[in-house]
Structure formats: C-alpha cells, structure tokens
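This is the structure I want to talk about, given as structure tokens.
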C-alpha cells in the first residue's frame, strides 16, 4: 500500500509536495482504513482542483517516477527535457525528486531518487526500511557512489557480498541507471536480495495508472478471460448501460485487414512460425480489439466484441455504437477484479463521461470490499462526491496553484470541518480554495 508520495521540481510542482495517505483521527468510515497497528493507511484519496491546478500532474509525477524505475533514464520512452518546474530561472539547475513510502508484506519502506533532468543523471537514490525506532538503511547512493546497509553487506554470505559490491562498483559509470532496477533486473536468486526484487515488482505490477486516453483497456481480454467476461456482464447490467450480454462477432481475416497489408503479412507469418493460439490487435480507431485466431479448418478468422441490448432482437452492437460513458466503463470495470487484492490504482479524471450517480456507485463498490489492501486514488471535478456520508475528511485532497504558478497539495483535514458539514456546498463557495477564479470582462484588457 502507498503510504506517502512526495514530489519536488516536477512539472507544476516547484516545492516539495506530499500526498499523505496516513489516516487521521476521524472515526468515520473505519472500513476505509487498513490498520497495521503502529500506523493506519487510507484506502483512497480523492483529489479536487480547478483545471490546470496540478491534479493530473500529481498522477503524471507518480507515473513518470514509475517509468524511470521500470525502464531507466536511457530508455527512448523517457523524455527528460523541460520536465522540471519551468516558471522561474533556476529550477533547471535544481534536482527533481520523487519519494515513495509504502507497505509491502507488513513492512514499511521509503524509496526515492533525485535526478538532474536536463543531464539525464541520477544524483541520489535511497532505500530504507522505516516504521522502526530508527530507519534501517538498505542502500544509499550519492551520485555514483553506493553505500550498502547491513542486509546487503552481510559478511556471512560471501556470494551476496561479492555480487552486490560488484554491481555497486560497476554503476560508477552508469548515472542513468537506478541501483534498485539494476539489481532487480539481474533476478538474483539470493534470499537477502529478494526484498529488492519484491519492491521492483510492486512498482511494476501493483501500481496501476489509468488516464482519460487509456481507452478500452479491458476489451482485449474479453472472450479470452472467462472470469472477466462474467465481471463485465454483471457490472454493465448493474450500471444500467442497457447491455444485457456479451457476444462475439466473427469476420473474415482477409476482409477485415484488406487495407493493412503489412499487419496482415506480419500476423500470417507469426502464425506460421509458432503455435500461436490467438493474437490481440487493437484497431486504429481505438474502439475495438480484434482477436485473430485459427478455426477448426485451420483458417484465420477475426473475432471482435459484440454487445446485446435485447435478447429478442437479432441485432448485435459494436462498442463504437455505445455512448462515451459506456466506453469509459470498459476502462474501469477490469479494475474491479483488483479491488479484493493489494493494488494501488490511480485514475486521472475519474468522472470523465460518467453520470454522478455512476461515479458514486463505483466508489461504493470499492469501499464494500472487506479485508483488502487495495487503494484507489483519483482526480475528479465531480463535486457530488464531496459527501462525508461517502468519504472521510482525510481522504479529500485539493490541488491549487499559487500566484507564481506552482501547485500545492493540501487536505480537507486541515480545516475545522464538522462531521455533518455540507462539504460540496462549502467547496463550490470557495471555502477550501482549489476552484476556478473567473475574471469579469471589465477586468480583461483586450487589444484593439
């Protein structure tokens, strides 16, 4: 579980800002908290703010840090140019920092790193086990010098000591690589290194991000995952989309891909080279996933998603025929499978194309899951969710820009709010900030 995320000098975040999911003292909604005895962690955070306030940049900061951990700075997918706070003259020469505090296997860790972005150079990196009377260093890095903690410097295990010190020394000329990633990618089968592999795996597999343009991620699995098929049928019906069942539409391979000769050739060769059961191909318009497979006659066929609205009418709809709200559900419904596990899920613009009641229902479904360590962190403009019958005070966060254009994060818990307060009304009246401030036409000077 994510306990705290801190960012500095990235995008609209100039100074150090922290999203803290440590539970406050409020006793409302105890099921929204996971109790680790010494610390309680919130299962959700709902972030509000005006357009361009920094809400999405918070999600992007977490995603950017994750990408560096998984791919390293020399990846062609990592753009370091002008990612720092650009509204002053000195941030380009200051490091950008990210730090994650999280729970893993009932232990708490602090992992972070600092980068000089324009140089694509890692200047600091650290990993500590925290939650004890004194944080225990696992390793700490200053530029390319790495100091190992007692776990990785275990003199009783000669193999471990030699391997770790060899990699630490070898990284002196690799300022674009993180030590955590380098060790994890070696997949060393040594007990004392397992914690590094587990932490890397947490970032890679347990930290899930969904953007407004992460379109229809779930449709590629429909028809190939029986459990997910059942989940889709259930919730498409429960969310009142009018869809009562899911079907498959089979079409001829040559006909569907007649205008994509290269893709057609590549797929045909792929089936010839190996025993491929099926290939998932996302259509260019991002409105359907095509499953290419061989039928019993060894012919290549294409199967795509069909949606049934009326069982008595022989007419199957495609996803492109549905509303934007229904399409958005194809992004969100697959996440429901993760609610009962231990994923940290972040959704930017959670309410996009969703009816307010549907957005609330989705949150209620999440909160109903018991004995789960999954988290849901979302950005939204949907003010109707600002309801203390639904959320705790410490789950509600705001992003706001100051007069210098720098974003800051703060929580509703900073205000004196009664348990029966009408939060939505107070927010829209500007009592907590983080809302648009409009100019009147008289205040705007227009050039003639």
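FYI, it's all coordinate maths here, none of it is from the lab. Being a predicted model, the structure only gives us computed values, none of them experimental. Positions of Cβ are generated from backbone atoms using ideal geometry, with glycine treated the same way; all protein chains shown enter the neighbour counts.
Explain nothing, just the number: relative contact order of the range 325-425, from Cα pairs under 8 Å at least 6 residues apart, as a whole percent.
Details: 110 pairs, mean separation 25.6, N = 101.
Here the relative contact order equals 25 percent.
Moving on to the next point. Once you've got the GNM for the chain with C-alpha springs shorter than 10 Å, pick whichever of 105, 213, 197 has the biggest mean-square fluctuation.
105
Let me ask something additional. How high is the relative contact order of the range 40-114, in percent, counting Cα pairs under 8 Å that sit 6 or more residues apart?
On the way: 38 pairs, mean separation 11.8, N = 75.
Dividing the mean separation by the residue count of the range 40-114 yields 16 percent.
Right, next: Which residue, 41, 246, 396, tops the fluctuation ranking in a GNM of the chain built on C-alpha contacts under 10 Å?
246
Hey, another quick one. Which of these, 151, 379, 166, has the largest mean-square fluctuation under a Gaussian network model of the chain (Cα springs below 10 Å)?
Per the Cα network of the chain with a 10 Å cutoff, 166 tops the list.
For the chain, what does the alpha-carbon gyration tensor say about shape, rounded, prolate or oblate, given a ≥ b ≥ c as the root eigenvalues, a/c under 1.5 as rounded, and a/b over b/c as prolate? Before the final figure, lay out the partial values.
On the way: a/c = 1.59, a/b = 1.15, b/c = 1.39.
It is oblate, given that a/c is not under 1.5 and a/b is not larger than b/c.
Could I ask something else about it? Using Cβ contacts closer than 10 Å as the measure, can you line up 268, 380 from fewest to most?
Values: 268 15, 380 22.
Ordered from fewest to most neighbouring Cβ atoms within 10 Å, 268, 380 come out as 268, 380.
Here's a follow-up. How long is the gain from residue 86 to residue 150 if the chain were fully straight, where each residue apart is worth 0.36 nm and the alpha carbon distance is subtracted?
Details: separation 64, 0.36 × 64 = 23.04 nm, distance 4.03 nm.
That pair, residue 86 and residue 150, stretches by 19.0 nm at full extension.
Counting pairs of alpha carbon atoms under 8 Å apart in space and at least six apart in sequence, what relative contact order in percent does the chain give? Could you put the intermediate results ahead of the total?
Working: 780 pairs, mean separation 84.9, N = 448.
This gives 19 percent for the chain.
In vacuum, with every alpha carbon of the range 1-132 counted as one equal point scatterer, what does the Debye formula give for log10 I(q)/I(0) at q = 0.11, 0.13, 0.16, 0.19 Å⁻¹? Two decimals, please.
Result of the Debye calculation: -0.45, -0.61, -0.88, -1.12.
Among 128-134, 180-186, 97-103, how do they line up by average Cβ neighbours within 10 Å per residue, starting with the highest? Display every interim value, and only then the final one.
Values: 128-134: 13.4, 180-186: 18.4, 97-103: 20.9.
The packing order, highest mean first, is 97-103, 180-186, 128-134.
Something else: Using Cβ contacts closer than 10 Å as the measure, can you line up 58, 390 from fewest to most?
Details: 58 29, 390 17.
Arranged by neighbour count, lowest to highest, 58, 390 become 390, 58.
Rank these for me by crowding, 308, 313, 68, going from fewest to most other beta carbons within 10 Å.
Ascending Cβ contact count within 10 Å gives the list 313, 308, 68.
With runs of 4+ DSSP H residues as the only contributors, calculate the mean residue ellipticity of the chain at 222 nm using -39,500 (n - 2.57) per run, divided by the residue total and rounded to the nearest 500. Before the final figure, lay out each step's value.
Details: 10 runs with 107 residues, N = 448.
Mean residue ellipticity at 222 nm (helix-derived): -7000 deg cm²/dmol.
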